[in-house]
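A quick write-up on the structure given underneath.
The values are calculated or read from the model by the stated rules, or taken from the named source; none is laboratory data. Because the structure is predicted, anything quoted here is derived from the model rather than measured. We place every Cβ from the backbone using ideal geometry, glycine too, and count neighbours over all the protein chains shown. The area values use the complete protein model at the heavy-atom level, side chains included, leaving out ligands, DNA and RNA. Shrake-Rupley method; radii C 1.70, N 1.55, O 1.52, S 1.80 Å.
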Amino acid sequence: MNNKPRTRNPETSKLTFPLPLTEKLRRATMIKRAHGACGAKYKTTKRKSKPCAGARREKMKLTKKDLLLIQAAREAISANYDEANEMHTVGAAVRCKNGKVYVGVNVYSIHGACAEQVALGTAITQGERQFDTIVAVVGKRGERLLPPCGNCRQILAYYAPDCKVILQTEKGAEKLPLSKLLPYQYVQGE
C-alpha cells in the first residue's frame, strides 16, 4: 500500500461518509466525485485478489443504500450521544425489506439494551417483520463501525435470520449475512 499522505480537492472533502471503507470503494467514490462536476468519464482499475486458502466468505459490496443506512446510524448517535454519563454511546439502523429505516441507541443499565435491539424493537413496534440489513456505529459522531455482540447476534437470529450485517473487517467495511456471524446458532424449540 502507498503510505504517502493523500491530498483532497474541495469536491472530495465533502464526502459524508468518512468511514474506513474498502480502498476500492473509496477510490471509486473519489474519482467519480472529482470527475462528476466536469462531466468527464472516469475509470477505475480492477484488481484480482486471491481467495484465502480453504476459507470462502460470502461478502457483499456496500451499496448507496448501505451508506445511507450507516449515515442514519451515525445521525442517531450524534443526536443522542451522552458524553457526561456514557449512557448512550452506540447508534444503530436497520433497513427493512420494504426500504424503511428504523434507528436506535443503546440504553445502558445493568441489563441494558444494545442499539441494534432498540432499532429492531422500534421496527417491530411499527409492524415490520422482514429485515434486510443492520449496522451499528460507536462514538460521538459514529466514527467506527461496531459488530453486534453475541446477544444481538442471537436476537437477530430469532427475529431477522436472513438479515445482513455491515461491519468493519480487516479488509474495511463489509456486509455479511448473519449466518456467517453466528454459525450453529441456537434455535428455540429444538
Complete set of residues in segment 119-142 that are in contact with a Gly (Cβ under 7 Å, 6 or more places away or on another chain), under 15 Å from residue 78 (Cα atoms) and not in a strand (DSSP E or B)
142
Members of segment 72-118 found to be assigned to a helix (DSSP H, G or I), farther than 19 Å from residue 151 by Cβ and not hydrophobic (A, V, I, L, M, F, W, C), listed by number
74, 75, 78, 80
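Those residues that are closer than 20 Å to residue 163 by Cα and either open to solvent by 60 Å² or more (accessible area, probe 1.4 Å) or within 12 Å of the chain's Cα centre (by Cα) (or both), I need them from segment 75-105; list them, please.
Filtering segment 75-105 for residues closer than 20 Å to residue 163 by Cα gives 90-105.
Hits for segment 75-105 are 91, 92, 93, 94, 95, 97, 98, 100, 101, 103.
I'm trying to understand the selection: among the residues of segment 149-190, which are of a type in the set (Lys, Arg), more than 16 Å from residue 65 (Cβ to Cβ) and touching a helix residue (DSSP H, G or I) at 6+ places or on another chain (Cβ under 7 Å)?
Looking only at segment 149-190, we keep the residues that are of a type in the set (Lys, Arg), and these are 153, 164, 171, 175, 180.
From the residues that got through so far, the ones that are more than 16 Å from residue 65 (Cβ to Cβ) too are 153, 171, 180.
Of everything in segment 149-190, just one residue is of a type in the set (Lys, Arg), more than 16 Å from residue 65 (Cβ to Cβ) and touching a helix residue (DSSP H, G or I) at 6+ places or on another chain (Cβ under 7 Å), namely 153.
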Quick one: in segment 161-187, of everything that is in contact with a Leu (Cβ under 7 Å, 6 or more places away or on another chain) and assigned to a loop (DSSP other than H, G, I, E, B), which residue is surrounded by the fewest Cβ atoms within 10 Å (Cβ to Cβ)?
161
Of (1) open to solvent by 40 Å² or more (accessible area, probe 1.4 Å); (2) under 11 Å from residue 73 (Cα atoms), residue 116 fails just (1)
The lone exception for residue 126 - which of (1) under 21 Å from residue 169 (Cβ atoms); (2) open to solvent by 80 Å² or more (accessible area, probe 1.4 Å) it fails:
(1)
Residue satisfying all of: in segment 145-160; open to solvent by 40 Å² or more (accessible area, probe 1.4 Å) and assigned to a loop (DSSP other than H, G, I, E, B); nearest to residue 91 (Cα to Cα) among these:
146
Selection from segment 129-144 of residues more than 10 Å from residue 115 (Cα to Cα) and either open to solvent by less than 10 Å² (accessible area, probe 1.4 Å) or in contact with a Cys (Cβ under 7 Å, 6 or more places away or on another chain) (or both) yields 130, 131, 132, 133, 134, 142
